[in-house]
Amino acid sequence: MGKDAARAEWDNPMQFVLACVSYAVGLGNVWRFPYLCQMHGGGGFLIPYMLMLVLLGVPLFYMELAIGQKMRLGSIGAWRAISPYLGGVGLASVVTSMYLCLYYNVINAWSFWYIFHSFQSVLPWAECPVNSNKTGPVEECERATPTQYFFYRETLDISGSIEENGGIHMGQALCLLLAWIIVYLFIVKGVKSTGKVVYFTATFPYLVLIIYLIRGVTLHGAINGVKYMFTPKMEQLAKPTTWINAATQIFFSLGLGFGSLIAFASYNQYNNNFEKQAIVVSMVNSSTSIFASIVTFSIYGFKATFNYESCLERVRLLLLNTFDLAEDTISLENVNHWIAELNRTHPEQFASLGGRLETCDLEAELDTAVEGTGLAFIVYSEAIKNMPVSQLWSVLYFIMLLLLGMGSMLGNVIAVITPLSDLKIISRYMSTKTLNGLVCLFCLLLGLGFTTRSGNYWFTMFNDYGATFSLLFIVLIEVITVCYIYGIKRFEKDVEDMLGHRLNWYWKIMLAGVSPILLIALFIFYIVNYIQGGTPTYQAWNKELGKSVVTEYPPYAQAFIGLLLASSVCCIPLTALYTYCKKRNLASGKRERTVSTVSA
């Protein structure tokens, strides 16, 4: 077991490392980690983050690579080889990866949409479009912002709630088709074609990040954002949520539990040094998060400073016009001084300003925390539109997003395809190209649902509930299985067989003790948090207000959430029960045949 010479392999270890980097370094590094830094104390968040990397991330990453390389099978076959009762662990990973495949490529479709719209003399999200009467801007855009309007109305054509259905957005559907065609071309020949693609998908985003870093730190006000990031707020370390979010970010950023790492490692040579590679990829992933945050916060600083100074300019003009002062009397530097002075000397006239006098606060601008698609497609777009040669920066940014998304998609699809291709009934009658094409076509057809007017709400539901609960449970079962069912000593011998040396004390302590305890704590926290959260809610776009409003999911959507949470997890006990019943039936059949033979 574990030395299948006929199995396809990476051309060299570098391809495997780049595939892991391309998969692990994804959109979460750009839009999730900076948000967590912003929420949990800036530079102080790096303390729990790096600690959780050592205690949880690296050991579990190491474990999955070891399993894949030893068994040389996808997730289903690998866990079934450990125990016939554990095939459901691999099946649960496949189901979870399938959910991710359905909606994740929609983000790549959005990236294509923004790239295509960047080749215009004026970026379409830079200003509001004119209404049908040609009398002024569209009202919905005036109530919101041009960037919000372009995302919610032009890109998504979003409905007012999940209950308001509508037709497919043809532009988005075509972009999604293009995204799936590219994914298919990347994986068409299996690991042989993927191994070539990752040289580009793993490295080009770093080139764009470096270019953006150079541009970002030279923007006016960028230093305000970078200072904000690295100024630690140590009081945040006393909050349990800071540590929990650090652990979950490490967990999901490395892509644990999906089966992708097991699939990637199954194409390694048997004696490949996966230990060194596990450490390198984990460190590269976390370093990228920090590096991307510096870029993001420099952009944040520019945007916040631009908004802050725009606010000051509006206040300056208001004071000049109200009190009939000379143009050069008030500057941006002394606005606050003049507010206090005019309030003291002309209290009645100052009071008449009422709600027209804005409060300008740079710190409040920097404190505005946004994550996910809001950060990637709205906040960044708003910053880009104010840059010189904004079209160039827009194309570069969205190409980077696209490649980060495509790199992760390769891992997601391979996590589904590898276990299926390992099944004899499929490999016997279907070529690799055909299987890959059918999986991509299946995901495309179901993914079209996310391009409807209410599709973004279903996208949010899958993103929030499709993987979190199941992945925590899957990886908890994995580490308990390896250490306490398969046995840490057997695992140690397998590692020695592959690497030529035994597990050191760090791997043993982490895998057998620390990592399971942390996973159990995270699992309990997730369940308690879900129960205490009450009725699940989502952000529904209200075009009358020009903003998102919190709305409860309808009963049928809540039932679907329950199905999402349970469907992948149920694979584990149901498969074990099926295996048990099958074995018992075989055993009883043997006994009956034995009795019949003796009687005869």
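With the charge dipole of the range 351-403 set up from +1 on Lys and Arg Cβ and -1 on Asp and Glu Cβ about the Cα centre, the Cα lying farthest toward the positive end among the listed residues Gln391, Leu403, Ala376 is that of Gln391.
Taking the C-alpha atoms only, the angle from helix 390-422 to the longest principal axis of the chain is near 20 degrees.
Considering only C-alpha atoms, what is the centroid distance from the range 57-95 to the range 372-426, in Å? Using only Cα atoms, the two centres lie 27 Å from each other.
Around the amide H of Lys547, modelled in the peptide plane, lie the amide H atoms of Asn542, all under 5 Å away and 5 or more residues distant in sequence or on another chain.
Cross-link pairs exceeding 28 Å in C-alpha to C-alpha distance, out of Lys276/Lys508; Lys134/Lys547; Lys276/Lys433; Lys239/Lys385; Lys433/Lys489, comprise Lys276/Lys433; Lys239/Lys385; Lys433/Lys489. Given a 1.4 Å probe and the protein chains as shown, Ser331 ends up with an accessible area of around 40 Å².
For the range 113-129, putting each phi into the Karplus relation 6.51 cos²θ - 1.76 cosθ + 1.60 with θ = phi - 60° gives couplings of 4, 5, 4, 4, 8, 7, 8, 9, 4, 10, 4, x, 9, 7, 8, 6, x Hz, in residue order, rounded to whole numbers and with x for Gly and Pro. Helices in the chain, meaning DSSP H runs of at least 4 residues, each add -39500 (n - 2.57). Divided by all residues, the mean residue ellipticity at 222 nm is -21500 deg cm²/dmol. Over the chain, with every protein chain in place, what whole percent of the accessible area is carbon and sulfur at 1.4 Å, could you tell me? Ligands and nucleic acids excluded, carbon and sulfur reach 63 percent. Heavy-atom accessible surface of the range 462-516, averaged per residue, reaches 42 Å², computed with a 1.4 Å probe. List residues of the range 395-410, by number, whose backbone nitrogen lies under 12 Å from a label position 7 Å along Cα→C-beta of Ile211. Once the point is set 7 Å along Cα→Cβ of Ile211, 395-401 turn out to lie under 12 Å by backbone N, inside the range 395-410. These residues, Ile527, Ile290, Ile250, go from largest to smallest accessible area, 1.4 Å probe, as Ile527, Ile290, Ile250.
For Met170 and His337, the difference between the fully extended length at 0.36 nm per residue and the C-alpha to C-alpha distance is 54.7 nm.
Note down the magnitude of the dipole of the range 367-473 about its Cα centre, charges +1 on Lys and Arg C-beta and -1 on Asp and Glu C-beta and zero elsewhere, to the nearest 20 debye.
Roughly 540 debye for the range 367-473.
With axes computed from alpha carbons, what is the tilt in degrees of helix 240-253 against the longest principal axis of the chain, rounded to the nearest 10 within 0 to 90? Taking the Cα atoms of the chain, the angle to 240-253 is about 60 degrees. Pairs of Cα atoms nearer than 8 Å and 6+ residues apart set the relative contact order; for the chain it is 32 percent. When exposed loop sites are taken as trypsin sites (Lys or Arg not before Pro) in a DSSP loop with at most 15 other Cβ atoms within 10 Å, the longest stretch of the chain clear of them is 234-501. Values (i) 56, 33, 26; (ii) 50, 26, 23; (iii) 50, 35, 18 are given for comparison; semi-axes √(5λ) of the Cα gyration tensor in Å, derived from the coordinates here, is the one labelled (ii).
Whole-Hz Karplus values for the range 531-546 come out as 5, 5, x, x, 5, x, 10, 9, 8, 9, 7, 9, 6, 5, 8, x Hz, taken residue by residue from phi with 6.51 cos²θ - 1.76 cosθ + 1.60 and θ = phi - 60°; glycine and proline positions read x. Projecting the Cα atoms of Gly354, Leu219, Val17 onto the charge dipole of the range 13-591 (Cβ charges, centred on the Cα centre) puts Val17 farthest toward the positive pole. Accessible surface ranking for Ile279, Ile378, 1.4 angstrom probe, highest first: Ile279, Ile378. Rolling a 1.4 Å probe over the protein chains gives Met14 an accessible area of about 100 Å².
3J(HN,Hα) couplings calculated from phi for the range 571-580 with the Karplus curve 6.51 cos²θ - 1.76 cosθ + 1.60 (θ = phi - 60°) are, in sequence order, 4, 5, x, 5, 5, 4, 5, 4, 5, 4 Hz; Gly and Pro show x. Quick one: go through the range 257-281 and flag any residue whose amide nitrogen is under 20 Å from the point 7 Å out along the Cα-to-Cβ line of Asp497. Correct set: 262-276.
What FRET efficiency would be calculated for the residue pair Glu154, Ile181, taking the C-beta separation as r and a Förster radius of 35 Å, to the nearest 0.05? That gives a FRET efficiency of 0.90. With a Förster radius of 51 Å applied to the beta-carbon distance between Thr241 and Gln349, the computed FRET efficiency rounds to 0.60.
Please work out the average accessible area per residue across the range 314-391, using the 1.4 Å probe convention, and give it in Å².
Ligands and nucleic acids excluded, the result is 54 Å² per residue.
Loop-located GluC sites (Glu not before Pro) in the range 137-213 (DSSP state other than H, G, I, E, B) with a sparse environment of at most 14 neighbouring Cβ atoms within 10 Å: Glu163, Glu164. Between Asn504 and Glu142, the modelled labels are 6.7 nm apart [label points 7 Å from Cα along Cα→Cβ]. Among the protein heavy atoms, those of Ser121 account for about 110 Å² of accessible surface (1.4 Å probe, every chain in place). Accessible surface area normalised per residue over the range 154-261 is 43 Å², counting heavy atoms of protein chains with a 1.4 Å rolling probe. The largest accessible area among Cys443, Cys128 belongs to the first residue in Cys128, Cys443, and the rest follow in falling order (1.4 Å probe, all chains).
Cα axis of helix 432-447 to longest principal axis of the chain: angle in degrees, 0 to 90, nearest 10? So the inclination is approximately 40 degrees.
If R0 equals 22 Å, the separation of the Cβ atoms of Gln269 and Lys192 corresponds to a calculated FRET efficiency of about 0.90. In this simple spin-label approximation, Leu438 and Ser83 carry label points 7 Å from Cα along the Cα→Cβ vector, and these lie 3.2 nm apart.
The values are calculated or read from the model by the stated rules, or taken from the named source; none is laboratory data. Model, not experiment: these values are computed from the prediction. When we count neighbours, we look across all protein chains shown, and the Cβ atoms used for this are built from the backbone with ideal geometry, even at glycine. Ligands, DNA and RNA are excluded from the accessible area calculation, which covers all protein heavy atoms including side chains. Shrake-Rupley method; radii C 1.70, N 1.55, O 1.52, S 1.80 Å.
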